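*Asks:* Have a look at this one before I ask anything.
The values are calculated or read from the model by the stated rules, or taken from the named source; none is laboratory data. What you are looking at is a predicted structure, and each value in this text was computed from that prediction instead of being measured. Neighbour counts run over all protein chains shown; Cβ positions are idealised from the backbone, glycine included. With ligands, DNA and RNA removed, areas are computed over all heavy atoms of the protein, side chains included. Shrake-Rupley method; radii C 1.70, N 1.55, O 1.52, S 1.80 Å.
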Amino acid sequence: MNMRKSLLALLLTSTIFPTFLQASEVEVLHWWTSGGEAKSVQILKQKLEQRGYTWKDFAIAGGGGESAMTVLKTRAVSGNPPSAAQIKGEDIQEWGGLGFLTNLDDVAKADGWDEVLPPVVATGMKYDGKYVAVPVNIHRVNWLWVNPQVLKKSGVDSVPETLDQFFAAAEKIKAAGFTPLANGSGPWQDTTLFETIALAVLGPEDFRQAFVNLDMGTLSSDKMAKVFETFGRMREYMDEDVQGREWNVATNRVLNGQAAMQIMGDWAKGEFTAAGKIPGKDYLCVPAPGTKGQFIQNVDSFAFFDIKDEAEVNAQKALARTIMDKQFQEVFNLNKGSFPVRTDMDMHGFDKCALDSRKTFEQSIENGGLVPSMSQNMATTSYVLGAITDVVSNFFNDPEADPKKAAHKLAKAVKAAI
Ligand code: BGC
């Protein structure tokens with residue numbers, strides 16, 4: 001169902017009562033509830049409170065934010081949206097198009113956002129040429145997180161760089177009695193893994209053709225069938241208890257040595273950091289197999305709702321300023337696993353993973369290796385993403401499913417959702 005239809009349906013059934021805010025209070029909806037995420041959001045709260053405003057937390061658990069978005073729609077149609085919400089990618093355009101968001105241009109101009117944000121990021125924060133959202137960070141999706149001890153114990157002496165090397169290592173790890181690939185379950189995790197494999201198999205050009213340009217030929221191609229086939233092979237290297245497991249619980253399995261690797265965005269690094277683990281020693285971060293030099297971009301951001309109360313509007317502006325503040329950007333991103341969205345930051349305190357990520361981001365802008373994340377709402381509309389997710393998840397949950405048929409189903413589903 002598209003956003004307009006789902007909002008209408010909610011309007012007819014909504015029983016949510018308004019909540020009233022104290023003066024100088026901002027209510028912020030987000031889905032940052034894992035260990036590393038909760039620590040990071042705490043920093044935003046503290047920094048806002050240092051400016052004399054109060055943070056009213058509106059956290060809805062669930063990786064990727066699907067549940068958070070459902071709750072947000074209910075609140076918005078009842079005429080009582082929060083002050084700000086973690087909304088990103090194409091969803092910003094959809095909320096903007098429905099007239100829910102406010103214009104932040106006065107703050108953006110005063111604080112020179114256009115001068116310090118990469119254009120590829122700034123464009124996504126604007127609706128109709130005006131800032132309606134503020135970016136927090138830049139995450140890279142295509143990472144492989146590795147426990148080097150488990151590799152060693154399994155007799156794997158180098159970290160896999162290609163998909164073939166990945167499967168060869170996975171066989172050895174399995175034979176040694178460990179789980180090769182830590183994973184959880186659910187459509188969002190399925191699509192995240194799928195798109196990383198898609199980048200490796202298709203390359204950036206065809207990735208864009210498929211998930212940005214929605215080209216039917218690419219979506220139904222033999223190459224796409226190969227993506228599904230490779231994706232399906234991953235099932236053999238996961239443990240049997242994936243059902244209902246969140247992504248951060250899977251990260252924990254790498255961290256504590258039950259599993260060897262996880263393919264996940266660098267929010268996973270937030271979990272290693274929260275557990276006091278050191279990159280290069282306790283764990284390794286390397287590009288996901290087959291995606292060296294390429295970058296699947298995921299930018300977290302907060303969109304701001306059109307609110308009439310003057311005190312709340314002032315509090316909103318303070319939050320927007322806090323998010324773009326250099327000191328906040330540094331401390332937050334150190335905890336979150338991402339890197340700062342501002343281009344004028346001193347990166348001294350950052351570890352190798354963040355430095356590699358930033359460097360690859362910059363290089364990939366130049367050489368065409370940068371692609372927007374399909375799984376994290378950066379590439380296409382919520383309705384097309386929903387259609388892709390259904391096909392991907394159904395395929396993954398059915399070991400008998402045929403990769404060729406899946407590619408054709410994908411094209412059909414996308415066509416129906418455009
Ligand atoms: C967000 C990350 C978050 C992850 C897991 C992604 O969609 O961009 O900030 O950590 O979901 O919850």
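*Asks:* Once you have the Kirkwood Rh of the range 23-147 from its Cα pairs, apply Stokes-Einstein at 4 °C and 1.567 mPa s and quote D in µm²/s.
*Replies:* 81
*Asks:* Distance check, please: which entries in LYS174/LYS269; LYS47/LYS88; LYS126/LYS317; LYS45/LYS269; LYS336/LYS404 exceed 27 angstrom between their Cα atoms?
*Replies:* From LYS174/LYS269; LYS47/LYS88; LYS126/LYS317; LYS45/LYS269; LYS336/LYS404, over 27 Å: LYS336/LYS404.
*Asks:* Give me the dipole magnitude in Debye, nearest 20, for the chain about the Cα centre, with unit charges on the beta carbon: positive for Lys and Arg, negative for Asp and Glu.
*Replies:* Once rounded to the nearest 20, the dipole reads 320 debye.
*Asks:* Ordering HIS348, HIS408, HIS30 from largest to smallest accessible area (1.4 angstrom probe), what's the sequence?
*Replies:* Correct descending sequence by accessible area is HIS348, HIS408, HIS30.
*Asks:* Taking +1 at the Cβ of each Lys and Arg and -1 at the Cβ of each Asp and Glu, which of PHE332, GLY368, VAL384 sits farthest along the dipole of the range 275-418 towards its positive end, judged by Cα position relative to the Cα centre?
*Replies:* GLY368
*Asks:* To the nearest 10 Å², what's ASP106's accessible area with a 1.4 Å probe?
*Replies:* 80
*Asks:* To the nearest 0.05, how large is the calculated FRET efficiency for LYS56 and LEU98 if R₀ is 25 Å and r is the Cβ-Cβ distance?
*Replies:* 0.60
*Asks:* Okay, moving on. For the chain, what is the percent of antiparallel DSSP beta bridges, rounded to the nearest 5?
*Replies:* If we restrict to bridges inside the chain, about 60 percent are antiparallel.
*Asks:* How far apart, in nanometres, would the label points at ASP402 and ILE365 be if each is projected 7 angstrom from Cα along the Cα-to-Cβ direction?
*Replies:* Using points 7 Å along Cα→Cβ, the separation is 4.6 nm.
*Asks:* Return the calculated 222 nm mean residue ellipticity for the chain, to the nearest 500 deg cm²/dmol, obtained by summing -39500 (n - 2.57) across DSSP H runs with n ≥ 4 and dividing by the residue count.
*Replies:* -15500 deg cm²/dmol
*Asks:* Follow-up question, since we're still on this one. Quick check for you: with a 1.4 Å probe and neighbouring chains kept, what is the accessible area per residue of the chain, in Å²?
*Replies:* It amounts to 41 Å² per residue over the chain.
*Asks:* If you don't mind, there's one more thing I want to ask. If you take the beta carbon distance between ARG235 and ALA38 as r and set R0 to 25 Å, what does 1/(1 + (r/R0)^6) give as a FRET efficiency, to the nearest 0.05?
*Replies:* Computed FRET efficiency for ARG235 and ALA38: 0.20.
*Asks:* To one decimal place, what orientation-averaged projected area in nm² is obtained for the convex hull of the Cα set of the range 163-250?
*Replies:* Taking a quarter of the hull surface, the average projection is 6.2 nm².
*Asks:* Quick one: the Cα spread of the chain along its three principal axes, in angstroms, biggest first?
*Replies:* Projected onto its principal axes, the Cα set of the chain covers 63, 48, 41 Å.
*Asks:* Over the range 83-230, what lengths in whole Å, largest first, do the semi-axes of the equivalent ellipsoid take, defined as the square roots of 5 times the eigenvalues of the alpha-carbon gyration tensor?
*Replies:* Ellipsoid semi-axes (Å, largest first): 39, 20, 14.
*Asks:* At a Cα cut-off below 20 Å, give the lysines reachable from LYS409, other chains included and same-chain residues fewer than 8 away excluded.
*Replies:* The reachable lysines, counting only those whose Cα sits under 20 Å from LYS409, are LYS223, LYS226.
*Asks:* Also: Taking all protein chains as present, what is the carbon and sulfur share of the accessible area of the chain, in % to the nearest whole number, probe 1.4 Å?
*Replies:* That share works out to 51 percent.
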